[in-house]
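Have a look at the structure below before the remarks.
The values are calculated or read from the model by the stated rules, or taken from the named source; none is laboratory data. Since the structure is predicted, the reported quantities are computational estimates derived from the model, not experimental observations. Here the Cβ positions follow ideal geometry from the backbone for every residue, glycine too, while neighbour counts run over all protein chains shown.
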Amino acid sequence: MRTVPAGLRGPGVTLGTGCWFRPACRHEFVLWSDMCGICGYVNGGGIPAQEAIVRAMTATLVPRGPDDEGIAISGPCALGMRRLAIVDPKGGRQPVRDETGQILAVCNGEIYNHRELRNELAKCGHRFRSGSDAEVLPHLYERFGLSFPTRLNGMFALAVWDAENRQLLLARDRMGQKPLYWCRTPSGLAFASEPKALLRHPEVVGNLSLAGLVRYLLYEYLPAPWTIYEGIFKLPRGHVLIWKDGRLRLERYWDPWPSVEQRRRVRARFSTPHAAAEELWRLLCRSVAARLMSDVPLGAFLSGGVDSAAVVAGMCAAGAEVQTYTIGFRDPSYDESAWAREVARHLGTQHHERIFDVRDLLDLLPSLGRYLDEPFGDASVLPTHLLSRFAREQVTVCLAGDGGDELLAGYPTFQAESVARSLRILPQAAVRATEGLLSPLPVSHANFSPDFVVRQFFRGLHRSVALTHQWWLGSFRVLDRLRLLTRDVLDEVEADLPERELISMEGDQFPPDDDWVNRLLWFYQETYLAEDILTKADRASMATGLEVRAPFLDPAIVEFVNALPGSWKLRGGTGKYLLKLAIRGRVPDRVLHRKKKGFGIPVAAWLCGELTGLVAELLAGPRLRRQGLFRPEVVWEMIRAHRARRANFRKQLWTLLMFQLWYDAYMDRFGGEIAANSGAEARSSVR
């Protein structure tokens, strides 16, 4: 494989040796990036940190935090922060320190229980200079040490530097709502909210990771700890990473799944679904009230579905004057605005609605690769971004229903699993024969057409439950990747490694003594929720300067719901049964019984119409041969079959298009070539 020559530099910003970064246009960072960002690095051997390096890293995060900048140097460690001021806009500058100045901290996100923590710490003699939620962090560390993240209720990515002990701690929130990337450097360790900030460090190159590529093709996103960049990793949700004297330690500080004894106690106390539903409503109202904390305008997303309706009902119960926001589309098969209006009328919110057409979505595509930082194949990021941009015209914070499906079995795949469990007892030959009978079915490009659903069902059917659901959700199975990837790539990376990882995960980590619904919910929470749904919400909203909060992901709700029987979540083919009990009479009855409809867009039809030019450009044979990653004849076989309606390859082709958009923004335009990586990087990165 080709590698980046040691002396290669792009024509953009250069910092020392071994680092190059060229934005696609002069104002790229300003137009498309997250808000509220942290970054920093630490050197081993007592080498002093340089302000110029962390300032260059922080400069890439300006759109995440347009209101303020903070930088602190403490011996070998440098911390940087760009802030969007939401709590204590005037006084909440970062980095923050303890009384001695020896403990420094930066934080991206919100600590919802900071007032309670502040009161507790003040009683122990700690003194505070501001009303900022972040200021509790160095004091908590001083009092509780490395275990202090267990005291936090919030969505956050944070770093704490202990100057006396020469120790750096990184932490990510329990459910993974805020991103945090890290990498080893020859001198120590660097971290940031976005990969683009890491690429400004002089010892970080960021070549393409082939291990990341094969996982992206399966998942349509990059599951933690993997990223698309060689040597750069995501900190998994609910984990801390500790650096001390050049050694790293990765630890999980929270597990959302209760023990057998904890489940027994919860189920004894709430012995019926109705009793549990009332407790769920109480916890949801408490969670919503905590997330109304803001010194700037606040509203809510409202799709007309069960989850967002429940959140808005909780806001109304808290006595808030609620601003709700929804978008619709002129294509009625993708439009949910009428449902949102019905919920808004029922709850008496101040409702705002805007109708878009296909052109509005397509206009976002050229920028998609830049503000996502990594390839991301979930097409619903486009309407999510439009909704965020619309809401941001009036508010800075929005509450949303993210997490309800993964906690309470809301996806149609849970009903499909009921059928799959019966078919798995059949011989594999019989299943393959049944799949073969589907070939005469006409191919439709409509949203979740029956032929697509049935074919996708049999395409994903496998003995492994985790693998079945990932093949239902994702794009390229292992056989597909073996055909798609070039021989050079296959010589460098194990194409079936992601599948083997999933099967191992299922065998080693699925809650072994719980029912199948809960075991499956564990898988969705570990993978799809953290790295697809929450990544989409974070990037799509924060690219517009909007903060999104998810009340369903409060730890008390997660722990309570996960302790309950799966049959209370999926009951008689009805998903989210418990939540529907909880909000019955509080939202319109029709909303409780409507069929789930995702935030979809007509990708299959676009690939035969509006996107034909982009497909021809980004998936052209000469381009693919020059990249050396994908076999052009296989890609164009899929394109021809899709256009002729012999097959529906919308997921596969969209996944490839999104990779190419990212590649243009972060690889091709930087002069970068392909650096092979077998996957040993992650296994050897933490010792």
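Details
- Region 478-493, subset surrounded by 15 or more Cβ atoms within 10 Å (Cβ to Cβ) and not charged (D, E, K, R), residue farthest from residue 629 (Cα to Cα): 478
- The one condition in (1) farther than 24 Å from residue 563 by Cα; (2) modelled with pLDDT of 95 or more; (3) touching a Leu at 6+ places or on another chain (Cβ under 8 Å) that residue 397 fails to fulfil: (2)
- Within region 543-572, the set of residues being farther than 16 Å from residue 306 by Cα and in contact with a Ser or Thr (Cβ under 8 Å, 6 or more places away or on another chain) comprises 543, 544, 545, 546, 547, 548, 554, 556, 557.
- Residue match in region 510-527 (condition: in a loop (DSSP other than H, G, I, E, B), without any contact (Cβ under 8 Å) to a residue 12 or more places away in the chain and not aromatic (Phe, Trp, Tyr)): yes
- Among the residues making up region 328-359, those that are at pLDDT 85 or above and either of a type in the set (S, T, N, Q) or not assigned by TED's automatic domain parsing to the domain that holds residue 385 (or both) are 337, 349, 350.
- The set of residues in region 524-580 that are among the small types (Gly, Ala, Ser), in contact with a helix residue (DSSP H, G or I) (Cβ under 6 Å, 6 or more places away or on another chain) and farther than 26 Å from residue 594 by Cα comprises 540, 541, 543, 545, 556, 563.
- Count of region 173-193 residues which are assigned to a loop (DSSP other than H, G, I, E, B) and not small (Gly, Ala, Ser): 9
- Pairs, first over 12 Å from residue 325 (Cα atoms) in region 382-401, second of a type in the set (Phe, Trp, Tyr) and part of a helix (DSSP H, G or I), C-beta under 9 Å, six or more apart: 383/334; 385/371; 401/552
- The set of residues in region 601-619 that are in a helix (DSSP H, G or I) and surrounded by fewer than 17 Cβ atoms within 10 Å (Cβ to Cβ) comprises 612, 613, 616, 617.
- Evaluated against (1) farther than 30 Å from residue 395 by Cβ; (2) touching a Cys at 6+ places or on another chain (Cβ under 8 Å); (3) part of a strand (DSSP E or B); (4) free of Cβ contacts under 8 Å to residues at least 60 places away in the same chain, residue 161 falls short on exactly one condition, (4).
- Top-ranked residue in region 179-199 [being among the charged types (D, E, K, R) and at pLDDT below 95; ranked as farthest from the chain's Cα centre (by Cα)]: 196
- Where strands (runs of 3 or more DSSP E) fall entirely within region 230-349, those with at least 1 residues that are surrounded by fewer than 17 Cβ atoms within 10 Å (Cβ to Cβ) are at 239-244, 247-252.
- Single residue of 527, 612 found to be out of contact with any Phe, Trp or Tyr (no Cβ under 7 Å at 6 or more places or on another chain), within 14 Å of residue 406 (Cα to Cα), β-branched (Val, Ile, Thr) and at pLDDT below 95: 527
- Counting only residues that are touching a Gly at 6+ places or on another chain (Cβ under 8 Å) and surrounded by fewer than 20 Cβ atoms within 10 Å (Cβ to Cβ), region 172-187 holds 1 of them.
- If you filter region 599-626 down to residues that are among the charged types (D, E, K, R) and under 30 Å from the mean Cα position of the chain (by Cα), you find that the one that is farthest from residue 378 (Cα to Cα) is 623.
- Whichever residue in region 528-586 is in a helix (DSSP H, G or I) and polar (S, T, N, Q) and, among such residues, is farthest from residue 279 (Cα to Cα): 541
- Unique residue being over 21 Å from the mean Cα position of the chain (by Cα), under 30 Å from residue 483 (Cα atoms), of a type in the set (A, V, I, L, M, F, W, C) and at pLDDT 95 or above when the list is 564, 629: 629
- With respect to (1) at pLDDT below 90; (2) of a type in the set (A, V, I, L, M, F, W, C); (3) over 20 Å from the mean Cα position of the chain (by Cα); (4) in the same structural domain as residue 312 (by TED's automatic domain parsing), the lone exception for residue 542 is condition (3).
Yes or no, residue by residue, for (1) at pLDDT below 95; (2) within 21 Å of residue 192 (Cα to Cα); (3) surrounded by fewer than 24 Cβ atoms within 10 Å (Cβ to Cβ); (4) outside the structural domain of residue 555 (by TED's automatic domain parsing):
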position	(1), (2), (3), (4)
96	yes, yes, no, yes
115	yes, no, yes, yes
130	yes, no, yes, yes
140	no, no, no, yes
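- Some residue of region 348-361 being within 23 Å of the chain's Cα centre (by Cα) and acidic (Asp, Glu): no
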